[in-house]
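Scroll down for the structure; my scribbles are underneath it.
The values are calculated or read from the model by the stated rules, or taken from the named source; none is laboratory data. Keep in mind the model is a prediction, meaning the values are calculated, not measured. Here the Cβ positions follow ideal geometry from the backbone for every residue, glycine too, while neighbour counts run over all protein chains shown. What goes into the accessible areas is simple: the full protein's heavy atoms, side chains included, and nothing from ligands, DNA or RNA. Shrake-Rupley method; radii C 1.70, N 1.55, O 1.52, S 1.80 Å.
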Amino acid sequence: MDSHFLFLSNKFSPTAGELDEEHEDYINPGLFALELADFVEASLKARGYKVKFRCQEDWGHWLELDHAGKYTLAVCCGNAEDTQNGLARHRVFVHPDKPVIRRWFRKIDVREDVEKLSSAIRSSLADDPDISNIELEEY
């Protein structure tokens, strides 16, 4: 399943709070994703998704989606690295990232929801002219 995307863009920069260790938006040194998470939330909203919970993690931003399934469906956003040409590499991935998950003693097939969400993310990234070099990340 295609669930982890890497791409290049200069559209998403660290915000002041993400650079200041004393600010509540601070994640970790060199890590930022607030603008990317805003972009992903807006583009998914335009495609019919609703974010019901959002928070910063030590690796970036977590956007949990409202959906009918009895499991967590989320999108994770973060920066990966700076490149030599002034662009930054960013990462967006879907959780869960496997076609089947376990919940106690049951197996739940999540493939349809994950593939639909991954397709929406891929379209969002591909439709933006400020995003390039979209590739799948091996995980």
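Run the numbers on segment 22-76 and let me know its relative contact order in percent, using alpha-carbon pairs under 8 Å that are six or more apart.
Computed over segment 22-76, the figure is 29 percent.
Between helix 111-127 and the chain, what is the angle of the helix's C-alpha long axis to the longest principal axis, kept within 0 to 90° and rounded to the nearest 10?
So the helix axis and the longest Cα principal axis differ by about 30 degrees.
Just to confirm the filter: which chymotrypsin sites (Phe, Trp or Tyr not before Pro) across segment 50-82 are DSSP coil and have at most 16 other Cβ within 10 angstrom of their Cβ?
Sites meeting the loop and neighbour criteria: TRP59, TYR71.
Give the accessible area for PHE93 in Å² (nearest 10); use a 1.4 Å probe, count only protein heavy atoms, and leave out ligands, DNA and RNA.
PHE93 has an accessible surface of roughly 50 Å² with all protein chains in place.
So what is the relative contact order of the chain, in percent, for Cα pairs below 8 Å that sit 6 or more residues apart?
Averaging sequence separation for qualifying contacts and normalising by length gives 31 percent for the chain.
Any chance you could list P(r) for segment 1-109, counting all Cα-Cα pairs in 5 angstrom bins from zero, rounded to whole %?
Percent of pairs per bin, in order: 2, 12, 20, 21, 19, 13, 8, 4, 2, 0.
Report the net charge of residues surrounding GLN56, where surrounding means a beta-carbon distance below 11 angstrom and charges are Lys +1, Arg +1, Asp -1, Glu -1.
-4
Could you please state, rounded to a whole Å, how far the C-alpha centre of segment 66-96 is from the C-alpha centre of segment 1-62?
8
Using DSSP to define loop residues, name the trypsin sites (Lys or Arg not before Pro) in segment 49-139 whose beta-carbon has at most 11 other beta-carbon atoms within 10 Å.
Passing both the DSSP loop test and the Cβ count: LYS50, LYS70.
With a cut-off of at most 12 other beta carbons within 10 Å, and DSSP calling the residue loop, which GluC sites (Glu not before Pro) in segment 30-139 qualify? Please list them.
Here the sparse-neighbourhood loop sites are GLU138.
Once the Cα atoms of helix 34-46 and of the chain are each reduced to a long axis, what angle between those two axes, in degrees from 0 to 90 to the nearest 10, is obtained?
That helix lies at roughly 40 degrees to the long axis.
What distance in nm lies between label points placed 7 Å from Cα along the C-beta direction at ARG89 and ILE108?
Label at ARG89, label at ILE108, 3.3 nm between them.
So what is the 222 nm mean residue ellipticity for the chain from helices alone, if each DSSP H run of at least 4 adds -39500 (n - 2.57) and you divide by all residues, rounding to the nearest 500 deg cm²/dmol?
Calculated at 222 nm, the ellipticity per residue is -7500 deg cm²/dmol.
How much FRET efficiency would the formula 1/(1 + (r/R0)^6) give for SER13 and ASP66, where r is the Cβ-Cβ distance and R0 is 25 Å, rounded to 0.05?
My answer for the efficiency is 0.30.
So for segment 69-108, considering every pair of alpha-carbon atoms, how many percent are separated by more than 17 Å?
Cα-Cα pairs of segment 69-108 separated by over 17 Å account for 49 percent.
Return one quarter of the surface area of the convex hull spanned by the alpha-carbon atoms of segment 88-139, equal to its mean projected area, in nm².
Answer in nm², one decimal: 4.3.
Work through the residues other than ASP2 whose Cβ is under 13 Å from its Cβ and net out their charges, Lys, Arg +1 and Asp, Glu -1.
Overall, the nearby charge balance is -1.
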